[in-house]
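These notes are about the structure you will find just below.
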Amino acid sequence: MNYEEKLEAREGINGPSELLPIGTLYKKLIDRKYHQVVEVRRDLTDSIVFSEALKADSDMMATFTHPHQLHFKTQIREDHVIELELETGNFQTYHQLLTHNPAVVASKNYIETVVELMANMLKELHSMGVYQCCLAPQFLIVRKGDDKPMLFLHGSFYKGMNDKSMLYKGFEDYVAPEVMANKEFDERADVYALGKLIQRLYADGSMSFDFKQAVAMATNEDPEQRFATIDLMLDAINKKRSMRRSVMALVGALLIGGLCIGLYMDLMPEPVDVEFVKPAIEETIDPYEVGLTPAEMGLDDNDTIYMDEGQRFEQEELDKEIERIFRRHFAREAEGVLSKIYSKENMNSSEQAFINSGNAMMDELYRKRDELATQSGMPAEKANEIATEIINKLREEKQKNLKSFGYQPNKKVDSED
């Protein structure tokens with residue numbers, strides 16, 4: 001009876017079986033309960049190197065209690081066949097899950113979650129001096145009802161096997177070339193394995209921008225051209241992810257901005273509509289309150305030469321209204337600043353403190369002047385002329401008030417050149 005016939009016979013007794021690279025996964029009745037076991041291939045168990053490596057691997061697993069590490073007990077049958085009795089649960093290979101339910105990789109953030117899970121486990125193994133070497137889905141186990149892969153055997157324990165094809169036959173592409181060539185290897189071998197797993201997860205679709213460049217570097221045949229550690233690989237992936245999110249946010253903002261401009265232009269009346277302009281002046285629309293500048297209202301100071309007499313009159317009235325509003329807003333700002341400068345407390349401070357305080361507050365007032373001029377569309381020269389007039393007038397009033405209370409200030413706050 002050949003191997004396939006034995007497998008079919010066992011399926012008839014114990015239910016469905018599944019081939020793993022190292023043997024056969026099936027259910028077996030043990031102490032009146034069904035347990036899942038892996039019957040290791042005989043050609044592997046005949047190898048003393050493999051058998052000793054398997055024992056060392058099993059001993060290490062006893063100390064590695066990560067929830068996504070599959071544990072097992074080694075059992076030797078009377079016919080000297082080695083069986084691995086898996087921990088309690090209902091398991092299948094990760095390959096079987098991806099084959100029967102390929103849509104799982106399309107779930108939101110699924111691939112990112114699996115990559116992060118595998119990367120963190122690999123880093124823990126590296127801290128113990130252990131390397132996985134192969135992350136082919138056939139070498140990973142998944143608990144039914146869950147979709148996150150679990151590690152099984154760890155490749156670095158089997159580096160003493162001269163013929164690595166015995167262990168990785170059919171899956172050599174998932175294993176770093178230096179491992180297959182029996183050369184020394186380090187974390188770069190697992191960087192390669194993780195890159196190959198990501199390629200498999202994207203086998204049925206286009207690889208995302210986050211992973212493309214990092215995976216290309218991780219799977220380089222030359223280990224010196226790969227990332228030296230898993231952390232460096234994750235950093236590269238995260239930087240690309242941040243870049244993609246920034247670009248998406250920018251594109252979204254541009255689309256929204258374009259939509260708003262389009263709606264605004266559709267809703268904006270024609271600037272030649274005189275009846276529209278008159279109510280705007282009569283109702284004294286305040287650009288600071290409604291958020292509109294003259295330019296946004298379809299007006300331009302330089303266009304008056306093209307206006308007829310009626311339109312020019314309307315423009316002049318609007319300019320007067322803008323000047324009135326500018327004066328009112330700036331006077332309110334200037335009143336607050338100069339009241340602080342010529343306050344009793346400030347005047348009682350040292351001369352240097354008074355000067356420094358006054359200069360700082362005046363600088364802020366000048367910035368407010370420029371901001372109001374920009375918002376209203378008023379020329380800078382005109383805004384400066386009006387602001388200087390208001391400041392001088394208020395300064396005289398404040399100084400007179402101080403003198404009336406007995407203060408004789410001889411300090412002067414420098415004005416803007």
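Mind listing whichever residues of segment 169-227 are surrounded by 15 or more Cβ atoms within 10 Å (Cβ to Cβ), closer than 24 Å to Ala106 by Cα and among the polar types (S, T, N, Q)?
Gln199, Ser208, Thr219 - these are the residues of segment 169-227 that are surrounded by 15 or more Cβ atoms within 10 Å (Cβ to Cβ), closer than 24 Å to Ala106 by Cα and among the polar types (S, T, N, Q).
Please specify each residue of segment 182-197 satisfying the condition of being farther than 21 Å from Leu117 by Cβ and either aromatic (Phe, Trp, Tyr) or touching a residue at least 40 places away in the same chain (Cβ under 8 Å) (or both).
Here is the first cut: in segment 182-197, the ones farther than 21 Å from Leu117 by Cβ are 182-186.
Scanning segment 182-197 gives Phe185, Asp186.
If I filter segment 338-354 down to residues being within 50 Å of the chain's Cα centre (by Cα) and surrounded by 18 or more Cβ atoms within 10 Å (Cβ to Cβ), which single residue comes out as modelled with the lowest pLDDT?
Phe354
I'd like the full set of residues that are among the aromatic types (Phe, Trp, Tyr) and either within 18 Å of His71 (Cβ to Cβ) or touching a residue at least 40 places away in the same chain (Cβ under 8 Å) (or both), limited to segment 91-131. If you could, list the steps in order and put the result at the bottom.
Kept after step one, since they are among the aromatic types (Phe, Trp, Tyr), are these residues of segment 91-131: 91, 94, 110, 131.
Listed by number, the residues that qualify are Phe91, Tyr94, Tyr131.
Taking the condition in contact (Cβ under 8 Å) with a residue 24 or more places away in the chain, assigned to a loop (DSSP other than H, G, I, E, B) and out of contact with any Leu (no Cβ under 9 Å at 6 or more places or on another chain), does Val179 pass?
no
Does segment 95-108 contain at least one residue that is modelled with pLDDT under 95, touching a strand residue (DSSP E or B) at 6+ places or on another chain (Cβ under 6 Å) and either surrounded by fewer than 17 Cβ atoms within 10 Å (Cβ to Cβ) or more than 14 Å from Lys148 (Cβ to Cβ) (or both)?
No; the residues of segment 95-108 include none that is modelled with pLDDT under 95, touching a strand residue (DSSP E or B) at 6+ places or on another chain (Cβ under 6 Å) and either surrounded by fewer than 17 Cβ atoms within 10 Å (Cβ to Cβ) or more than 14 Å from Lys148 (Cβ to Cβ) (or both).
Does at least one position in segment 130-137 carry a residue that is of a type in the set (A, V, I, L, M), under 17 Å from Glu221 (Cβ atoms), surrounded by 13 or more Cβ atoms within 10 Å (Cβ to Cβ) and over 27 Å from the mean Cα position of the chain (by Cα)? Before the answer, list the steps.
We begin by selecting, within segment 130-137, every residue of a type in the set (A, V, I, L, M); these are 130, 135-136.
This time we only want the ones that are under 17 Å from Glu221 (Cβ atoms), so: none.
No, segment 130-137 contains no residue that is of a type in the set (A, V, I, L, M), under 17 Å from Glu221 (Cβ atoms), surrounded by 13 or more Cβ atoms within 10 Å (Cβ to Cβ) and over 27 Å from the mean Cα position of the chain (by Cα).
Which residues, counting only those in segment 28-62, are touching a His at 6+ places or on another chain (Cβ under 7 Å) and not in a helix (DSSP H, G or I)?
Within segment 28-62, just Lys28 meets the criteria.
If you scan segment 91-102, which residues turn out to be over 19 Å from Leu153 (Cβ atoms) and either in contact with a helix residue (DSSP H, G or I) (Cβ under 8 Å, 6 or more places away or on another chain) or assigned by TED's automatic domain parsing to the domain that holds Thr24 (or both)?
The initial filter retains those residues of segment 91-102 that are over 19 Å from Leu153 (Cβ atoms), namely 98-102.
Leu98, the sole residue that qualifies.
Among the residues of segment 389-403 satisfying the criterion of being under 58 Å from the mean Cα position of the chain (by Cα) and hydrophobic (A, V, I, L, M, F, W, C), which is farthest from Met347 (Cα to Cα)?
So the residue we want is Ile390.
Could you pull out the residue among Lys123, Lys196, Lys164 that is among the basic types (Lys, Arg) and modelled with pLDDT under 95? Spell out the reasoning first.
Values: Lys123 fails: modelled with pLDDT under 95; Lys196 fails: modelled with pLDDT under 95.
After ruling out the rest, the residue left standing is Lys164.
Output the qualifying pairs, or none if there are none: Cβ atoms under 7 angstrom, residues six or more apart or on different chains, first residue in segment 351-370 and not assigned by TED's automatic domain parsing to the domain that holds Ile390, second residue surrounded by 12 or more Cβ atoms within 10 Å (Cβ to Cβ) and not β-branched (Val, Ile, Thr).
Pairs that qualify, where the first residue is not assigned by TED's automatic domain parsing to the domain that holds Ile390 and the partner is surrounded by 12 or more Cβ atoms within 10 Å (Cβ to Cβ) and not β-branched (Val, Ile, Thr): there are none.
Would you call Glu112 of a type in the set (Asp, Glu), assigned by TED's automatic domain parsing to the domain that holds Asp186, more than 22 Å from Ile22 (Cβ to Cβ) and out of contact with any helix residue (DSSP H, G or I) (no Cβ under 8 Å at 6 or more places or on another chain)?
no
Can you tell me which residue is modelled with the highest pLDDT among those in segment 355-390 that are surrounded by 13 or more Cβ atoms within 10 Å (Cβ to Cβ) and not in a helix (DSSP H, G or I)?
The selected residue is Met378.
The values are calculated or read from the model by the stated rules, or taken from the named source; none is laboratory data. Predicted, not measured: the structure shown is a model, and the values here were computed from it. No Cβ is skipped: glycine too gets one built from the backbone with ideal geometry, and neighbour counts run over all protein chains shown.
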